[in-house]
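**Q** Would you mind keeping the following structure in view while I ask a few things?
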Ligand SMILES: NC(=O)c1ccc[n+]([C@@H]2O[C@H](COP(=O)([O-])OP(=O)(O)OC[C@H]3O[C@@H](n4cnc5c(N)ncnc54)[C@H](OP(=O)(O)O)[C@@H]3O)[C@@H](O)[C@H]2O)c1
C-alpha cells in the first residue's frame, strides 16, 4: 500500500474500540477522521498520517517542514483563506482549528466542506484535517504556519489555547482589521523574542459574509496585501526566509489576489485601512446608516475632519515611520479625507461591519480601530479627544443627535 504513496508519507489505518482512549494516539498526529461520528462504544476508524517532509508541486513554493497550514477562526475570512489555499492544483496540507465542540457538529452537518459562493457560483473544498483545540490531553504537534482569522477582540484568547505549539520557527499571519493585536499577543503570550513566532500581517479588502456555518458569500472581490509585520517592540524584521513559505502560498492563490509588500509599505496600508475604518465604522453606528448616507450632512463632514486631524497627527509621530519620507504627504488630513470619501462612494450601499455587529448585539472591534489611534496618541503625547469621545459614545449606544452635539461640543 505504501509503495503508491509519495516518498516520505506512510499511512496507518487504526481501528479503535474505545474512542475515549483516542488521546493515546496523540503522537501519531494529525489524525484525520474518516467516518461520521458514531455513538460511544461503536467503531471509529482513523487514518494517521506521518509526513516526514512535504514539498509543493507549485514552482517557487518550498517548505523546510511539513508545509502544513493551520487556520484559527473559521468565520468568513478564515473560510475564504482556507478555501482559496485548498483549491490550488497542489494544495498544502491544511488543518482547521475548531475552538468549540459545537463546531465539530456543524462541520459534520456542512458535509465536512467549505463552500464559497462567488457571483452565484458555488465552489467547495473538502481536503482538510480538522482538530478540536480544546481536546484533552492537549495536542503537542508544533504549528509551523498559522493563519489567525478571529475577530481582533478574540485573538489573545484564541492563541492562548495553542501557544505551546508555536515556537520561534512558527509563522503567524494576522488577517484581521484594526491594529494592536500583535502587541497584545506579544505582551500576553510571547514576551521573549527567543520564543516568539514570526509575525506576518495582511490587509484584506475582500468582502465576505456568512450564509451558515462553513458557507460564505464572497461578495466583494478585491485583494490582499501581505508582508512581514512591523509593530512597536518589533521594528527589526530580519525574518524573511522563515515566513516566505506562507507568503508564497497566499500569493500563489489566485482567488485571494494577494501581493507581497515590504514591511514599511504594509504598515502604511494598515494605517490607511485603519483610518478608513475609524471614520466609516463608528459614524455609521452612531448615525445608523449605510456608508453612502454618511456625508450628506455638513456636520458629519466637520466631525470627520476633527477625527482625521487627530489620526494624522498620531501617524506623523509614529516611531516605526519616523524616517519615512512618504508619511507626511500620504497621511495629511486632506489626503486621508479624500481616501475616506472615495471608499464611502465605492461602498455607498454597504452596511459597515461595525454596524452589523451592533445590530446583531455583538461587541464591536472599536478598541482596535479608533482605540488604537487613541492608545498610540497617549504613548506619543498626542491628544485624541474626539476619537476618545466617539469610542465612549459607540460603547454607550448614544443616540444620533446627542452624540453629534457631544462630539462637536454643542448643545443637542
Ligand atoms: N468578513 C470580511 O469581509 C472581512 C474583510 C476584511 C477583514 N475582516 C476582518 O477579519 C476578522 C474576521 O472577520 P470575519 O468576518 O471572518 O468574522 P467572523 O465571521 O465573526 O469569524 C470569526 C470567527 O472566529 C471564531 N472565534 C471566536 N472566538 C474564537 C476562539 N477563541 N478561537 C478560535 N476561533 C474563535 C468565531 O467563532 P464563533 O462561531 O464561536 O463566533 C468565528 O467563526 C475581523 O477582524 C474583520 O474585521 C473581515
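None of the figures in this text is laboratory data; all of them are computed from the coordinates on show. Predicted model only: the values in this text are computed from it and were never measured. As a convention, Cβ positions derive from the backbone with ideal geometry for all residues, glycine included, and neighbour counts pool all protein chains shown.
**Q** So how far apart, in nm, are the two label points at residue 222 and residue 127 if each is 7 Å from Cα heading toward Cβ?
**A** Between residue 222 and residue 127, the simple spin-label model gives 3.0 nm.
**Q** Note down the nm distance, to one decimal, between modelled labels 7 Å out along Cα→Cβ at residue 400 and at residue 136.
**A** Roughly 5.2 nm, to one decimal.
**Q** By how many nm would the segment from residue 349 to residue 379 lengthen if fully extended, with 0.36 nm per residue of separation less the alpha-carbon distance?
**A** 7.1 nm
**Q** Another question, then. Taking neighbour counts of Cβ atoms within 10 Å as a proxy for exposure, in what order, fewest first, do 117, 327, 210 appear?
**A** 210, 117, 327
**Q** Using the 10 angstrom Cβ neighbour count as an exposure proxy, how do 202, 195 rank, fewest first?
**A** Ascending Cβ contact count within 10 Å gives the list 195, 202.
**Q** Take the Cβ-Cβ distance between residue 105 and residue 212 as r, set R0 to 22 Å, and report the resulting FRET efficiency rounded to the nearest 0.05.
**A** It comes out at approximately 0.95.
**Q** Between the alpha-carbon centers of segment 244-283 and segment 321-356, tell me the distance in whole angstrom.
**A** 14 Å
**Q** What list do you get for 151, 163 if you sort them by fewest beta carbons within 10 Å?
**A** So the ranking, lowest neighbour count to highest, is 163, 151.
**Q** Also, quick follow-up: Give me the distance in nm between label points sitting 7 Å out from Cα along the Cα-to-Cβ direction at residue 163 and residue 290, one decimal.
**A** Going by the 7 Å Cα→Cβ label model, 4.5 nm.
**Q** Once the mean 1/r over all distinct Cα pairs of segment 59-261 is inverted, what Kirkwood radius in angstroms do you read off?
**A** One over the average 1/r among Cα pairs gives 17.0 Å for segment 59-261.
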